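No lab work stands behind these numbers, since they all come straight from the coordinates. Computed from a prediction, not measured in an experiment: that's the story for all the values here. When we count neighbours, we look across all protein chains shown, and the Cβ atoms used for this are built from the backbone with ideal geometry, even at glycine.
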Amino acid sequence: MGHTIPRHRPCIRFKHLPHDETHVTTPAAETSARRAEWDLVVEEWLAANPHPSWRQHSDEVNAALITRWLPPRREGRLLKTDLFDEIAGAGLHSVLTARAGKVCGMDVSGYTAAAASTKYPDIVASVADVRNLPFADSSFHAIVSLSTIDHFTNPADIPRALGELWRVLDATGTLVLTLDNRSNPFVALRNALPYSFLRKLGLVSYPVGRTLTFQQARACVSGAGFAIVECIGVMLSPRVFAIPLLETLSRRAGSRTTASFKKALMWMEKFQGSAIAPRLAHFVAIRAVKPAARAISR
């Protein structure tokens, strides 16, 4: 409340940390096309505002995850690899700013980066592709990457993005990562269907990409050089049913009924670390660090 989101793509100059020129770059045409696609997706999303109550629930689940996995601190730099949460709802601003002296946010969409920077001026916003980060090695003590690397059509881009996250994380840093969980049969079925078909049915509002099962995610993160501290599932309620029901209750039912349903959704998150999480969770969530030996020798 009280924030104005720009309705047209503004032309602004973003602040950047020092750029490392030694790594492979993403072709400019590919990056430009991806930015244009996501600019359009975000503008359409904001115009329709399809799931405000679900966005609030999503923020609460993610905030709880970050609160558990990242301790509060007043110094250091934290990177968030997309800023959609911050413009689609309240986002995670208060949780992130309690865990770093400076919060840097990036998004492939210039529209999103500009809107987030306008809403939260203390976030240092950049327009960037996670496969080719505009930051020097070891720039951040923490990285929060929530469903960023699961939107690529080429599966090779997932380890490529993880390699970039490894590069910019400092030797004692922590990565908090989530991505769509292909062990969940609903996610696997969704990803097997054409995006145009899913969008026409209203089941997705944004491009979905290649993603991984629990086992594949662990292997991919480990293969990028990280040591996995914890791997759980988050968002255990079946979204295909939970989202329309929550939005309907929010519009038509009383506040007590809606609050009871929200409490039930949060109760399901108690099973994040259980044996049923790989089948029920929409996202794989991983907390990982840089092993000291790899951080020194790589």
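Quick notes on this structure:
- Any hit, segment 133-141, residues being under 26 Å from Pro50 (Cβ atoms), in contact with a helix residue (DSSP H, G or I) (Cβ under 9 Å, 6 or more places away or on another chain) and crowded, with 18+ Cβ neighbours inside 10 Å: no
- Residues satisfying the stated conditions in segment 126-175, i.e. more than 21 Å from Leu70 (Cα to Cα) and part of a strand (DSSP E or B): Ser126, Val127, Asp129, Asn132
- Of all residues in segment 37-96, those satisfying the criterion of being among the basic types (Lys, Arg) and not in a helix (DSSP H, G or I) are Arg73, Arg74, Arg77, Lys80.
- Top-ranked residue in segment 82-102 [being among the β-branched types (Val, Ile, Thr) and surrounded by fewer than 24 Cβ atoms within 10 Å (Cβ to Cβ); ranked as farthest from Ala136 (Cα to Cα)]: Val95
- Criterion (crowded, with 16+ Cβ neighbours inside 10 Å, closer than 29 Å to Asp39 by Cα and in contact (Cβ under 8 Å) with a residue 12 or more places away in the chain) met by exactly one of Arg218, Arg190: Arg190
- When residues of segment 199-215 are limited to those that are over 22 Å from Leu46 (Cβ atoms) and either of a type in the set (A, V, I, L, M) or over 18 Å from the mean Cα position of the chain (by Cα) (or both), the one surrounded by the most Cβ atoms within 10 Å (Cβ to Cβ): Leu212
- Test: residue in segment 234-252 that is under 25 Å from Ile143 (Cα atoms), in a helix (DSSP H, G or I) and in contact with a strand residue (DSSP E or B) (Cβ under 7 Å, 6 or more places away or on another chain): no
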